[in-house]
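Contents: one structure, followed by commentary.
Values quoted throughout were computed directly from the atomic coordinates according to the rules given, and no laboratory measurement underlies them. All of these numbers come straight from a predicted model, not from anything done at the bench. Here the Cβ is made from the backbone with ideal geometry for all residues, glycine too, and neighbour counts use every protein chain on show.
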Amino acid sequence: MKADTQAKDVKLKILDAAKKLFAQKGFEGTTVRQICDEAGVALALVSYHFGGKENVFYALFEAFTPEFLHKDYALAEPVEDLLSLIRDFARFRLAEPELINLLQQEIMMQSPRLDKVQPIVFALWKQLRAILQAGKATGQFEYESLKHTVHFVVGALIFTRNSSFFDQLLQEDGVQTNEDEETLIRYTSDFILGGLRYEKK
């Protein structure tokens with residue numbers, strides 16, 4: 001039992017180190033040695049536990065994929081379902097910024113590893129599509145193209161994140177750049193619902 005616990009600890013150290021380095025340097029720019037140095041483990045342990053760097057990458061998405069992506073929405077209240085999805089994803093994004101950064105890189109580069117990333121994106125895509133269709137059927141959402149609307153909403157969820165890149169410019173204009181979790185969720189929700197022309201009654 002103790003050996004199993006130690007093996008899990010080592011694997012988690014490797015995954016945490018890989019997540020950090022892949023997000024900073026990209027998959028191609030990260031070596032197994034760098035991962036092991038960051039994790040503080042022997043070089044041979046990546047091969048022993050995972051069989052190589054590519055399997056470490058795949059294991060990241062298996063280990064850290066959020067449970068809410070497998071949620072079944074009843075779709076009786078599409079606005080509430082959408083708000084729940086936005087809230088869950090925003091919290092995931094804040095909790096796992098490195099994984100989100102890595103996901104962005106892989107999608108933008110159309111990397112050969114996308115087959116392993118697709119289940120996350122497609123699960124989000126399918127949930128969102130069903131919610132949008134239910135909202136349109138009840139007259140709560142307005143949009144012309146389901147395809148483009150899904151793209152825009154997924155983009156708002158995945159490709160917007162807290163980043164210091166624009167902070168200096170925004171601070172010059174007196175804009176508050178450090179929002180808490182609930183403020184970020186509210187901004188994201190208002191933006192998406194506004195795009196869907198939802199009118200709160």
Per residue, what volume in Å³ does the convex hull of the Cα atoms of region 1-58 enclose?
67
Arrange the peptides 126-133, 11-18, 104-111 so that the one whose residues have, on average, the most other Cβ atoms within 10 Å appears first.
11-18, 126-133, 104-111
Kirkwood-based Rg over Rh for the chain (C-alpha set), two decimals?
1.03
With +1 at each Lys and Arg Cβ and -1 at each Asp and Glu Cβ, the charge dipole magnitude of region 71-116 around its Cα centre, to the nearest 20 debye, comes out at 180
Would you mind working out the magnitude of the charge dipole of the chain relative to its Cα centre, with +1 at each Lys and Arg C-beta and -1 at each Asp and Glu C-beta, to the nearest 20 Debye?
580
Taking R0 as 41 Å, what's the FRET efficiency between GLU199 and VAL121 from their Cβ-Cβ distance, rounded to 0.05?
0.85
Top positive-direction residue, dipole computed over the chain with Cβ charges, set GLY51, LEU103, GLY195:
GLY51
Region 1-106: percent of C-alpha pairs farther apart than 15 Å?
66
Identify all lysines with a Cα-Cα distance to LYS200 below 23 Å; exclude those on the same chain that are fewer than 8 residues away in sequence.
LYS136
